Amino acid sequence: MPEKLQQLVDTFQMFDPADRTNLLLSYADQFKDVPPAIARRPFPTSHQVPQCESDAYVWAMKKPDGTLQLYFAVENPSGVSAKALAAILDKTLSGLPASEIASVNCDIVEKIFRQNISMGKGMGLMAMVQAVAALARAAANP
Amino acid sequence: MATPIEQRGYAHPEVLVSTDWVEQHLEDPKVRLIESNEDTLLYASGHVPGAVHVDWTSDLNDQIRRDYVSREAFESLMSRIGAARETTVVFYGDKNNWWACYAFWVFQLFGHTNAKVMDGGRVKWLKENRPLSRDVPSYPRTQYKASERNDAPIRAYREDVLAHLKKQGQLVDVRSPEEYSGARMHMPDYPNEGALRGGHIPGAKSIPWAKAINPDDGTFKPAAELKKLYCEDNKLAPNGETIAYCRIGERSSHTWFALTYLLGFDKVRNYDGSWTEWGNLVAVPIEK
């Protein structure tokens with residue numbers, strides 16, 4: 001797992017439920033929508049995360065140095081968890097080589113959210129991670 | 001804009017309150033607002049000022065057995081949220097009050113009848129740009145004395161469903177049409193939580209729970225529209241005994257609420273074992 005993401009996962013593992021909730025919220029608050037230069041509404045369904053009821057979209061733009069910049073949109077205003085995960089993935093993975101991002105595994109969702117994962121949410125959040133990994137794989141092996 | 005609650009022709013309009021009513025009672029010490037969501041992060045991300053959080057898994061369900069909390073645990077919950085027997089509890093939440101109705105139903109197992117639901121739930125409150133707070137309120141603990149849990153009037157166990165089937169009683173399957181038909185064994189986009197067989201209980205009418213809701217603002221439809229849906233289109237008789245079910249009894253508590261309070265059905269029970277039990281039982285009848 002990429003180092004920054006591993007460090008954050010370790011931090012989440014150490015926190016008690018109340019602190020974990022606050023940390024997740026602080027990431028959700030840092031969420032930034034995909035800029036218009038990258039995509040405009042209505043977003044293409046090719047970038048939509050399947051199984052995510054928060055209506056999430058993801059983009060991965062390759063820079064000249066071979067690293068990736070991730071962008072997200074979360075259309076459901078109640079999609080707090082999706083926004084938190086999007087911000088976490090952006091802050092820990094953007095700027096890394098595509099091949100490194102491609103190694104991300106969706107089991108981080110359970111490690112990060114723990115008791116904050118609910119029935120339907122887990123599937124959608126794992127699908128977000130899988131979508132990021134799939135875009136990275138495609139960028140790494142064009 | 002939704003028709004005022006008192007003009008919608010409900011049998012028991014007093015169980016619903018509007019977002020206006022709630023905003024006018026934010027400081028009312030006789031009222032305790034309770035947010036219940038599927039998404040446990042939502043309350044922390046901002047809630048109606050003064051509202052407490054009741055989590056459907058940790059606060060309402062027994063942590064070992066598949067059952068609801070004991071009387072002692074319910075008393076402890078009520079003491080923690082500072083509610084007395086005479087406190088009016090008002091539930092609201094995400095997903096069109098699906099979890100709010102579930103919490104409301106569990107509270108009725110303990111006889112806390114002084115309970116209401118905020119029509120439209122979180123989505124309406126947000127759409128109207130009403131105030132939200134991240135402050136978690138603290139209320140003086142109470143010495144709440146609950147009644148012994150009384151399941152029989154509103155909760156059906158599998159034996160009750162089998163007996164109901166023999167009498168050809170009314171059954172309502174509130175899951176999605178795909179779950180009802182057996183094409184899938186879980187909600188779209190949700191994990192399969194372990195039913196070995198797909199389909200529905202024989203004779204059950206397929207009436208997805210969210211049909212009782214106006215999708216724009218999450219409010220309940222007026223009684224005339226609900227009557228058409230349940231009584232005319234699906235031939236349910238208000239004076240007949242009715243059992244509603246879904247996957248684990250959460251969506252069906254929403255339908256239980258609509259049939260019992262909005263349409264005034266005489267006897268409605270929620271089969272919370274629902275499809276995760278029925279779809280795994282040996283030798284019970286199933287239709288596809």
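A short reminder: the numbers here are calculations on the coordinates, not readings from a lab. Remember, predicted model here, so these are calculated numbers, not experimental data. Neighbour counts run over all protein chains shown; Cβ positions are idealised from the backbone, glycine included.
Seen against the Cα atoms of chain B and their longest principal axis, helix B:94-109 is set at about 90 degrees. When you count the other C-beta atoms within 10 angstrom of each residue and take the mean per peptide, A:82-93, B:10-21, B:26-37 line up highest first as A:82-93, B:26-37, B:10-21.
The ranking of A:Met123, A:Met128 by Cβ neighbour count inside 10 Å, starting from the fewest, reads A:Met123, A:Met128. Among B:Phe220, A:Phe12, sorting on how many other beta-carbon atoms sit within 10 Å of each Cβ, with the fewest leading, yields A:Phe12, B:Phe220.
For the residues of A:16-29, the average number of beta carbons from a partner chain within 10 Å of their own beta carbon is 2. Across chain B, C-alpha contacts under 8 Å between residues 6 or more apart give a mean separation that, scaled by the residue count, equals a relative contact order of 21 percent.
The order of the peptides B:263-275, A:130-142 by mean Cβ neighbours within 10 Å, most packed first, is B:263-275, A:130-142. Taking the Cα centre of chain B as reference, the dipole from Cβ charges on Lys and Arg (+1) and Asp and Glu (-1) amounts to some 540 debye.
Other protein chain C-beta atoms within 10 Å of residue C-beta, averaged over B:34-44: 6. Listing A:Ser46, B:Ser176, B:Ser70 from fewest to most neighbouring C-beta atoms within 10 Å gives A:Ser46, B:Ser70, B:Ser176.
A dipole drawn for segment B:158-278 from +1 and -1 charges on Cβ atoms has a positive end, and of B:Ser206, B:Ala237, B:Ala258 the residue lying farthest that way is B:Ala237. Classification of segment A:3-140 by its C-alpha gyration tensor yields an oblate form. The axis ratio a/c (a ≥ b ≥ c) is 1.5 or more, and b/c is at least a/b. Exceedance of the 29 Å cut-off in Cα-Cα distance is limited, within the set B:Lys124/B:Lys235; A:Lys4/B:Lys124; A:Lys91/A:Lys111; B:Lys127/B:Lys288; B:Lys145/B:Lys205, to B:Lys124/B:Lys235; A:Lys4/B:Lys124; B:Lys127/B:Lys288; B:Lys145/B:Lys205. Under a model in which nothing but the beta-carbon of Lys, Arg (+1) and Asp, Glu (-1) is charged, segment B:158-278 shows a dipole of about 380 debye around its Cα centre. Only helices enter the 222 nm calculation for chain B: every DSSP H run of n ≥ 4 contributes -39,500 (n - 2.57), and dividing by all residues gives -7000 deg cm²/dmol, rounded to 500. Charge dipole of segment A:3-140 (Cα centre as origin; +1 on each Lys and Arg Cβ, -1 on each Asp and Glu Cβ, all else neutral): 320 debye, rounded to the nearest 20. Taken one residue at a time, the phi angles of segment B:162-177 give Karplus couplings (6.51, -1.76, 1.60, θ = phi - 60°) of 5, 5, 5, 4, 4, 8, 6, x, 6, 10, 10, 9, 9, 6, 5, x Hz. Gly and Pro are set to x.
Is the protein assembly as shown best put as rounded, prolate or oblate by its Cα gyration tensor, with a ≥ b ≥ c the root eigenvalues, rounded for a/c under 1.5, and otherwise prolate when a/b is larger than b/c, oblate when not? Taking the square roots of the gyration eigenvalues as a ≥ b ≥ c, the protein assembly as shown is prolate.
Along the axis of the charge dipole computed for chain B (Cβ charges of +1 for Lys and Arg, -1 for Asp and Glu, origin at the Cα centre), the listed residues B:Gly93, B:Ala146, B:Ala195 are led at the positive end by B:Ala195.
Peptide A:46-52 is shielded by partner chain Cβ atoms: per residue, an average of 1 of them sit within 10 Å of its Cβ. How would you classify segment A:69-142 from its alpha-carbon gyration tensor, with a ≥ b ≥ c the square roots of the eigenvalues: rounded for a/c under 1.5, else prolate if a/b is greater than b/c, otherwise oblate? Prolate.
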